[in-house]
Each structure stands twice: as C-alpha cells, then as structure tokens.
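Undergrad: Before I ask anything, here is the structure I am working with.
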Amino acid sequence: MLGVIVASVVMVGVGTGIVVSVMSGLKSSRPAGQAPVEASILVLKTDQQYHELGAENSIASFSGESSYEPGLYDVLAALKRAKNDDKIKAVLLRLEGGANGWASMMQLRQALLDFKQSGKKVFAYGNSISQRDYYLASAADVLYLNPSGVLELKGLVSQLSFFKGTLDKLGIEPEIFYAGKFKSATEPFRETKMTDANRIQLTELQRGIWNQFLEAAAEKAHADTADIYRLAREGGYYFAAQAVKNKLVDGAKYWDELEGQLRPLVSKKTDEKVPYVSMARYAQPAAGDGSEEARIALLYAEGTIVDGTAQDYQIGADELVSEIRKIARDEKIKAVVLRINSPGGSALASEIIWRELELLKAKKPLIVSMGDVAASGGYYIATAADSIFALPSTITGSIGVFGMMFNVGDALNSKLGVTFDEVKNAPYADFPTAMRRMTPDEKQRMQSFVDSTYATFKGRVVAGRHLNPAFVDSIAQGRVWTGEDALSLGLVDAPGGIDRALQAAAGKARIKSYRLETFPEPVDRFRSLLKQLGKGPFSQTMIQEAISKQVQESLPAYKQVQQVLRINGRVQMLLPMVPEFY
C-alpha cells in the first residue's frame, strides 16, 4: 500500500510537471492574435467581463479554444485592428447581459463607433435586452430583438444594505471614525438608511450616468432625450412589437433571419454556415507600433488596495511597488501609463504606492488612465501623475478617510457567557482589541489618526493637482464624483480612455513610435489552480474560496460585510461597496 501511494504521488508530480511544461510551450508559442482565414463576422458577447489585464488560460488549449482571455484594452485594440482587416466583414454584438461597468461600456461603445468609420457595419442581437446592453447596442447599425423578447428601459437604481439593526440585535457595537461628511463607507454600520449627504452624491452620480444613457438611446431612436425618459417612466419593459413601434430597435427578428442578412457579407449561400470568430480568439495582448527601442509601459492597478501581497483582482502594495521599480530601472521605457480601476483600500498601502510613483515620475513621464472607478485610495495614487484622463462615467474622488472597530466582547458575554481577563504591562498593550469598548483616550487617538491621514490625503491632492487648499477641502469631504464632474473641478485633466492616455505619454516623452509593454505579466488560471492543488485537493483555502464565491453570488451584501471585517481596526481610503446603477 505504501508503494502504491508513493508511486501515485510520483506519477502525479511527473504528470503535473509535463502538463506545466506543455502549458509553458503553448504560452510561448501562442500567436499574438489569430486572424481568420476566410471572410468572417467578429463576435463580441456582452456577458463576458473584461478585466483590465488579460489572463492566460492554458488548459483551454486542449479544447481548441483560445488560451488567452483578453483584457479590456486587448478588445479595444482588436476592434481597431478589425477596421482594416479585410477578412472581418462586420461586428456582431451578442446581447447576453451587461457584465461590465459603465465606463468600460463607454469605451467599448466608442470603439464600435470608430469601427463603423471603416464603412463596415455593427449588428446587435438579443433574445432579451437589458438596459446596460442597450447602451452598448445603441452604437449598432442594425439592432434586432427576438419577437418574443423584451427590452428593458426603466431608469437607474442604486440599492445599499444597512446592518445597524442586525448589529444591535447581536449586541455588537461598532466604533466608527471618519473624516469628510460625504464619506459614506461606514454608513451601513451606523445608520438604518442613507444620510442626506450620501443621497445627494448618489443622486448626482446617477444623474450623470443616466444623461449619458439618454443621449445614446436618443441617438439610436432618432428621438429627443425627453422622449426616451418618458418611455422609461411609462414602460419599464417593452415587448418586441412595442420596442419596434417606438424605434428603440430596428426590428423583431429570429436568429436565423439575422444570419440570412450576414451570409451575403461573407459570401455564403443560404444553407452554408456563417463563419464567426470570437473576440477571445481574435484579440491579442496589447502591443505598440514602431521601434523596439522606445517603449511605453502600461501598468495595470485593478482591485482593492491591500497591504503586502494580493489575491486575484487586488492591488498588493509589495507587488505593485516591485513592478514600478522594474519599470523605473528599464531605460528603454520612456513613459508610463498607469491604468487604475480601484475603489481604494488600505491608507498605508496607498501611501507606499504613491511614494514609488513619485520616484518613478522623477525619471519618466507618468500618465494616469481611470477605468470604471478610481476613488479614495485609487484617487490617492493617481495624484502622483503628470496628467489624469477619465471617462465621463468614471467614479472618482471620494477624498476621505475612515477607521472602524467592532466591540464583540459584550455580545459574547451576554449571549454565550464568555468573559475576558488579561495581564498587560502598558496602557495600550491590547489596543486595538475587539473584546472591549475603546476608552475615551483611545477614541481620541483613533480619530486623530484618521484626521491626520485625511489631511495628508488633501495635501497630496493640493500638490499633485495644483489646487487651492480651501477649494480642495470643499470638494473633498469623502464625496464621490463622476469623471465629467471631476473634470470641471480640476481633479482630472481631460476626458479619454487608455488610447488618449498613451498619446499623452508619447507626447510628453517626445517619441513618435513605440512598443507597448504591459505590467504585470498576465496570470495563468491553470497555473493558479495547480498552485492551489499543491496545498491539497481539499485544502481549507479552496473550500473557503468556493463557499465564499457561492455566498457572494447569492447574497451580494455578504461581500460588503466580509470586506469590512478584513479592515477592522485599520485606517482606510475605500469605497467598501462601489455604487452600482442598474
């Protein structure tokens, strides 16, 4: 039995090594982008979430699928390349549920409008069409809805969960410290509904995004924005015939009827299959043009900012600092574009990253491009840049700070009879602790820490944006702004996506041609899985992650609670729940 076990372990190890070697070979030999061999239709599915940085999925190679999961910029670059690709005859949007943020959708929409400048058409089709999908589909030349489907047009809503009542019933006392009257991050734990200040800022955010939606929908329907708003108030959901009548879609068609219009474009007969090429297969890792000598670094920072190392879609201070230093040492890199898609996080980690970016900027131009969200700590690190570009739908600002502790000692005592005792040789030896209430002196110290961090934050904005301190104080206060409003306030320099930021970087570096180099390297999902399996097939980490994922999908509020518990006792620059507008 022992021999069988040892042999099995050896075989698994050898097998894993062979698979990893094969995967490495596939990765190194993967073409930069797979061009179609015949006239084809390029397909973009809206249920695919495009993160900032693409990812390898080498196991997919065995099934014949693309081994690369493109990032947002990869898709934008693919649409630009498709303009001049004779084999791509049209783009087809499969409307299957908007998985991306409003700013990402705006960039995709702009890329589709640019693609149409080639004279090629954009088609869009949905069995049912969500409101977010409709925003993107409004760029299409031809938009069809299944005759039995419905179109969603109902306005925007943002719902927040509040846990104060739950904490009261459990006997758990939150001890909260914050700077900025709009800093609403702690509201779910100290209020039972939105404060007036938070309601004001959410209303303004919603107004900005809704106006952009109305303009896009009105352009598609050849109507006035007031007419679209009236339809949203009166209907909510429109059956296909109603959507056609109101010119919201171009027709109620079945899938085979759409394919009948696509076949002539690709020179196919009625009974022949339409050749489609997926975005995952067509897109390629972003690569610049021109000289191998001059390079621009595209540095991605996506997710919550955390101390030390990061998990998936987090910004670990240690790892990002390592990438920044690598870029700073590379003399071939003449400029840097930092792409931020982050609600912020640890104040200390944000400061560490900011410092390294300041050192980087002393050596080469640094331009920031904001994604869906670059707020709180995400804005903090952006202040180091020479220039900042944002989309009108970007959520930014939130210049404010908070700290939070939970006293669970009383609850454990009253509910379970648990008591606590200790020996300490100094007054603050057990601080911070969740086993007792803070003393008045401890509370004062915690608030002073928050206030000091807030003052530093405002100072970074004053220096980085060259603004008056009193003015910064007036627009700070933890308030969240749209990219459009941030532009008028001077928090960003100009509207635009990654391409605009790259143009600015090249201009500031005085280079006309360059090769784009992305940082960090794309992760390989299969390798990550093998790493987890190395801890044991039934490791605690894997079980926890599986349970956490299922609970988060069924109860979104759980994610908010989980995140706050992780930051217990630490000063934060964070939006624990990024405002979502549906």
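Since every read-out is calculated from the coordinates, none of them should be taken as a lab result. The structure displayed is predicted, hence computed values, not measured ones. All Cβ positions, glycine included, derive from the backbone under ideal geometry; neighbour counts span all protein chains shown.
Undergrad: Ranked highest first by average number of other Cβ atoms within 10 Å, how do 227-240, 415-428 line up?
TA: With the highest mean Cβ count within 10 Å placed first, the list reads 227-240, 415-428.
Undergrad: Order of 173-186, 79-92 by packing, highest average Cβ count within 10 Å first?
TA: Packing order, densest peptide first, comes out as 173-186, 79-92.
Undergrad: Going through the cross-link list Lys87/Lys116; Lys116/Lys361; Lys89/Lys334; Lys247/Lys268; Lys220/Lys508; Lys45/Lys121, which pairs have a Cα-Cα distance over 26 Å in this structure? All intermediate terms of the calculation are to be shown ahead of the outcome.
TA: Details: Lys87/Lys116 15 Å; Lys116/Lys361 38 Å; Lys89/Lys334 37 Å; Lys247/Lys268 30 Å; Lys220/Lys508 38 Å; Lys45/Lys121 16 Å.
The pairs that break the limit, which is 26 Å between Cα atoms, are Lys116/Lys361; Lys89/Lys334; Lys247/Lys268; Lys220/Lys508.
Undergrad: Follow-up. Can you give the FRET efficiency for Thr195 and Lys268, using 1/(1 + (r/R0)^6), R0 = 60 Å, r = Cβ-Cβ distance, to the nearest 0.05?
TA: 0.50
Undergrad: Return one quarter of the surface area of the convex hull spanned by the alpha-carbon atoms of the stretch 256-353, equal to its mean projected area, in nm².
TA: In nm², the orientation-averaged hull projection of the stretch 256-353 is 10.5.
Undergrad: Next question, about the same structure. I'd like the distance separating the alpha-carbon centroids of the stretch 346-367 and the stretch 441-466, in whole Å.
TA: The distance from the Cα centre of the stretch 346-367 to that of the stretch 441-466 comes to 18 Å.
Undergrad: Computed FRET efficiency, Cβ-Cβ of Asp114 and Glu257, R0 35 Å: what is it to the nearest 0.05?
TA: The formula returns an efficiency of 0.80 here.
Undergrad: Now, a different point. If one computes the Cα centroid of the stretch 121-166 and of the stretch 260-275, what distance in Å separates the two points?
TA: Between the Cα centres of the stretch 121-166 and the stretch 260-275 lies a distance of 29 Å.
Undergrad: Quick one: if the Förster radius is 35 Å, what FRET efficiency do Asn468 and Met435 give, using the C-beta to C-beta distance and rounding to 0.05?
TA: Computed FRET efficiency for Asn468 and Met435: 0.20.
Undergrad: Figure the gain on full extension for Arg233 and Asp86 (residue separation times 0.36 nm, minus the Cα-Cα span) and round it to one decimal in nm.
TA: 48.5 nm
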